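Here the structure is laid out as structure tokens; the discussion comes afterwards.
The values are calculated or read from the model by the stated rules, or taken from the named source; none is laboratory data. The structure displayed is predicted, hence computed values, not measured ones. Reconstructed Cβ throughout: ideal geometry from the backbone, glycine too, with neighbour counts over all protein chains shown. To get the accessible areas, we keep the full protein, side chains included, count just its heavy atoms, and leave off ligands, DNA and RNA. Shrake-Rupley method; radii C 1.70, N 1.55, O 1.52, S 1.80 Å.
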Amino acid sequence: MNTSSSDAVNIRTKLEEEDKQYLWHPFTQQQDWEAEPQLIIERGEGNYLFDVEGNRYLDGISSLWVNVHGHVRPEINQAIIDQLQRVAHTTFLGLSHPPGITLARRLIEMAPGQLSRVFYSDTGAAAVEIALKMAYQYWQQCDSPQPQKTRFFSLRNDYHGDTVGAMSVGGIELFFEVYHPLFFPTYKAVYNLDEIEQVIADHADELAAVVMEPLVQGAAGMIVYPAGFTRKVREIARRHNVLFIVDEVATGFGRTGRMFACEHEDIDPDLMSLGKSITGGYLPLAATLATEEIYNAFLGEIDEFRTFYHGHTYTGNPVVCAAALANLDLFEQEQTVEQLQPKIAQLTRGLERLRELPIVGDIRQCGFMVGIELMQDPATHTPFPITTKAAVQVIKEARRRGVIIRPLSDVVVLMPPLAIAEDELAFLLDVVYASIEAVGQQLL
Ligand SMILES: *Cc1c(COP(=O)(O)O)cnc(C)c1O
């Protein structure tokens, strides 16, 4: 071993020790984390990440569903640097700034339906909570107020983030069960349109809004709805005079094959939450978009108390907005959504091959969102025992072969950057095949 690589090993060892001494990682069983060797990422390039020892990995989940055009794109980096040289942060409470203004216009120009106003925040969970607060307050103070409309409807297994309000409208038992006593009450239903209509009709007087992930439930394990389902729920909400909040935090910015999932079914939401890929995966930004109808309900004299009382300290940070603008420019220059279409088809074809593997129970795809569900016995729909950690084992096999992916329970998720090249996508599919095959051989 030469000096520089043994130095790298020493640096890695020290960092890993400090990580395990000082950190607490998100959604991580720290007991497992501390017991096993961990990867420490130093840099990125294109669709690859490099660890501190210089090993290269394909970023198969877009750094948790955010990266669009690849890592270290000079165009986005330069936009960030240019804004940093002007100012890193000024408040959006009582002041404005050019990138925040221009980004709002650009978002509204591309947004579906009648959305006409942009409210910034910094995480998807906040963007959802803001939509909930807006919907609630709208009914308190719109032209014909209905102050009893204070409740929300959502579908089982929905995911809207990890703050208490976002968890309340979420429905993933594994994540949320322990926190249940903290939640405000909501109405929920399964994926049955008759049942959904029944619950909404029964409670329309109390319901402020329906909240929904369009087309696909991401964190639930990529549960893809039948075509037209999201639009039908939207229509049910309208029929019963309930607002419709669409959560495009995961689906927005090309992920489903259109810029927004709403475009597939011509859905016109009252409120929309955005996050994740809004900056191309570079910096934390989220936004809640509202119609003029909703916005107008908040106008009034100071003593009418119709103000929207909400704002995080870093709301609308200019550096983050500059990154988002550069992201949108790249979408236009590179025709990212058009270029994606053949890659979606390539992905579909590649996934077909996985069906022959004995532990693959189901494969679900919505554009560039993929879930491969592992089962002990697909024929009888028997899952693996949770302690088998089947998908975790697949993720480890993939890492040995130079691919970073991350599971949701026993669902292996693939969500590569939209800019992934054809040969990289083929490599990703080959590695996933080999990794699932290897784990299958160990387990069966
Ligand atoms: C990730 C996600 C969120 C939460 O976003 P954060 O930035 O993690 O708070 C909300 N809704 C959906 C659909 C998501 O996928």
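Over the stretch 203-252, all Cα pairs binned in 10 Å intervals from 0 give whole-percent P(r) values of 26, 50, 23, 1, listed from short to long.
For the residues Leu283, Leu425, Leu93, a GNM of the chain with alpha-carbon springs under 10 Å puts the largest fluctuation on Leu93.
Full extension of the chain segment joining Ile81 with Lys14 gains 21.0 nm, where the gain is 0.36 nm per residue of separation less the Cα-Cα distance. Accessible surface area normalised per residue over the stretch 129-266 is 39 Å², counting heavy atoms of protein chains with a 1.4 Å rolling probe.
With 5 Å bins beginning at zero, the pair-distance distribution over Cα atoms of the stretch 89-190 amounts to 2, 11, 16, 17, 18, 16, 11, 7, 1 %.
Within the listed set His180, His264, His69, the residue fluctuating most in the Gaussian network model of the chain (springs between alpha-carbon atoms under 10 angstrom) is His180. By the rule of a C-alpha distance below 23 Å, with chain neighbours fewer than 8 residues away ignored, the lysines paired with Lys396 are Lys14, Lys20. What a 1.4 Å probe finds exposed on the chain is 53% carbon and sulfur by accessible area, rounded to a whole percent. Straightening the chain between Ala88 and Ile40 buys 14.5 nm, computed as 0.36 nm per residue apart minus the Cα-Cα spacing. Computed packing ranks the peptides 351-360, 298-307 as 351-360, 298-307, most packed first, by mean other Cβ atoms within 10 Å.
From most to least packed by mean Cβ count within 10 Å, the peptides 130-136, 378-384, 417-423 give 130-136, 417-423, 378-384. Can you tell me which aspartates and glutamates have their Cα less than 14 Å from the Cα of Lys389? Leave out same-chain residues fewer than eight positions away. Within the straight-line cut-off, Lys389 pairs with Asp32, Glu373, Glu397, Asp410. Classify the stretch 234-329: rounded, prolate or oblate, from the alpha-carbon gyration tensor (a ≥ b ≥ c, eigenvalue square roots; a/c under 1.5 rounded; otherwise prolate if a/b is larger than b/c)? Cα axes put the stretch 234-329 in the oblate bin.
I need the fraction of alpha carbon pairs in the stretch 75-333 separated by more than 26 Å, rounded to a whole percent. Result: 39 percent of Cα pairs exceed 26 Å. Percent of Cα pairs in the chain per distance bin of 10 Å, from zero to the largest separation: 4, 20, 29, 27, 15, 4, 1, 0.
For Lys149, a cut-off of 20 angstrom between C-alpha atoms picks up these lysines, skipping any fewer than 8 places away in its own chain: Lys133, Lys188. At R0 = 56 Å, how high is the FRET efficiency between Gln198 and Asp423 if r is their beta carbon distance? Nearest 0.05 is fine. For R0 = 56 Å, the calculated efficiency reads 0.65.
Once you reduce the stretch 92-163 and the stretch 234-298 to the center of their Cα atoms, the two points are 9 Å from each other. Here the Karplus curve 6.51 cos²θ - 1.76 cosθ + 1.60, taken at θ = phi - 60°, turns the phi angles of the stretch 303-315 into couplings of 8, 8, 6, 9, 4, 7, 7, 7, x, 8, 3, 9, 3 Hz, with x standing for Gly and Pro.
Dividing the helix sum by the residues of the chain, where each DSSP H run of 4 or more adds -39500 (n - 2.57), gives a mean residue ellipticity at 222 nm of -12500 deg cm²/dmol.
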